[in-house]
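Colleague: Right, I'll just put the structure down here and ask away after.
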Amino acid sequence: MPLLNEMTDRLRARIDAAQTPYDHFVYFADVHYKSGTSNSGFEKILNRISQEKDGTLFILIGGDMIDSGSVANYTAFIERCNAFFNQTGIPVIPTMGNHEFYGVNANVDEISRYKQYMGEINFPLSIPGRGLGDSVSVVAFNDAKPHKLEKIIYPNISQSCVNRSNTKHLFYFPHNYIRLSALAPEKYSHFPDYLNSAGAASNHILVTMHVPPRKNPLENMLDTFIRNEYSHCLLVNPVISLSALQSYYRNLWMLVHGNSTADKNDSTQWFVDEIKNRSKVELILMGHVHTYYTFALTEANHNLQMVISGGGGNNSAQTYDNAQPVTKYHYIRVRYDAALNRFITSKVDVGN
């Protein structure tokens, strides 16, 4: 049985057996689990969560659970999740990221392999009021799809800066970029249907998607990160101005996480249009960027929270904005506050 099916059955049983609602659930992304390695970041997170097992209803992982889509990685990750459940009683709900596409033999369909081991890539999950204190629906939206694009000309940075950048994931992008398709309204026609059904079944909706929408203030977040991390490198080797470097990565971000260039906002705008007027969509949980970052969607006419939490494992997180510092590994607690009638999120750092 795929992991999603098994864990959702366990989640329903956990809710049915509950005497009172649970305090919260846990979210993080970017575990990058590898068979045969220590996976120390993931282990630190699981160990910390196990200390509060009586208050945690479930864990939701927002993609990039494994580092590449090998059978060995899938098998090892599933075994670890089952062992964690047996230890704590906490189900682990999986959703797809871009790394699940990587490292798969050309003769194997990545989606078929994912479904075999993990389950559906898009799904609604209803949680009754006795689970978290009010009826909630989680809508999983698979927005990670590899697409071959022409490489962008790399800026003329000296070799010492390139060497420094080898440990910084923003400075390395492979030939396979990730983007929503230009045909998003057709390819993802199920998404509004899921939102409609979730809205009919629940008082609150949260969406989990791996790649954040291509919107401000993510561009400013990248500017801050580049300025903080690379200013001294550029001062030593001033072969390109900081403003030119920021412009390059801003446009690269737009290309990677959208459909075209920075001046086109088509497929991402489709997603935003689907959620911005739906008042029950109150929280969007994302990963992919290895950091912690919260922001608001300015187009939404209600209190829609956006949270990136990408500090789940082997590829450690970094602070992009000094106002929102993070250690290498972290997760977030998500609870429903009955007095405020909204979701409250809080970050839990588990060390370096």
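No value in this document is a laboratory result; all are computed from the given coordinates. Keep in mind it's a predicted model, so treat the numbers as computed, not measured. Every residue, glycine among them, receives a Cβ derived from its backbone with ideal geometry; neighbour counts consider all protein chains shown.
Colleague: Given the pairs LYS44/LYS280; LYS53/LYS347; LYS115/LYS347; LYS44/LYS115; LYS34/LYS328; LYS53/LYS328, which span a C-alpha to C-alpha distance of over 25 angstrom in this model?
Modeller: Pairs exceeding 25 Å: LYS44/LYS280; LYS115/LYS347; LYS44/LYS115.
Colleague: Moving to a separate point now. So if R0 is 41 Å, what FRET efficiency would ALA339 and SER40 give, r being the distance between their Cβ atoms, rounded to the nearest 0.05?
Modeller: Efficiency computed from Cβ-Cβ geometry: 0.60.
Colleague: All other residues with a Cβ under 15 Å from the Cβ of GLU6 taken together, and with Lys, Arg as +1 and Asp, Glu as -1, what is their net charge?
Modeller: Its environment carries a net charge of +2.
Colleague: Go from 0 up to the bin containing the longest alpha carbon distance in segment 11-87, width 10 Å each, and give me the % of pairs per bin.
Modeller: Result, from short to long distances: 16, 50, 26, 7, 0 percent.
Colleague: Between ARG12 and SER346, what is the FRET efficiency for a Förster distance of 30 Å, r being their Cβ-Cβ separation, to the nearest 0.05?
Modeller: That pair, ARG12 with SER346, gives E of 0.70.
Colleague: Taking the number of other C-beta atoms within 10 Å as the exposure measure, put VAL307, VAL92 in order starting with the fewest.
Modeller: VAL307, VAL92
Colleague: Right, another one. May I ask you to sort PHE28, PHE84, PHE123 by Cβ crowding, counting other Cβ atoms within 10 Å and putting the fewest first?
Modeller: Placing the least packed residue first, the sequence is PHE123, PHE84, PHE28.
Colleague: If you add up the charges near HIS288, with Lys and Arg at +1 and Asp and Glu at -1, over every other residue whose beta carbon is less than 10 angstrom from its beta carbon, what do you get?
Modeller: After counting each charged neighbour, the total is -3.
Colleague: Summing Lys, Arg as +1 and Asp, Glu as -1, what charge do residues with Cβ under 10 Å from the Cβ of TYR74 carry, TYR74 excluded?
Modeller: -1
Colleague: So, one more: Quick one: order SER202, SER50 by neighbouring beta-carbon count within 10 Å, fewest to most.
Modeller: By the 10 Å Cβ count, ascending, the order reads SER50, SER202.
Colleague: Under the 0.36 nm per residue contour assumption, what length would be gained going from the current alpha-carbon distance of VAL272 and GLN116 to full extension?
Modeller: 53.1 nm
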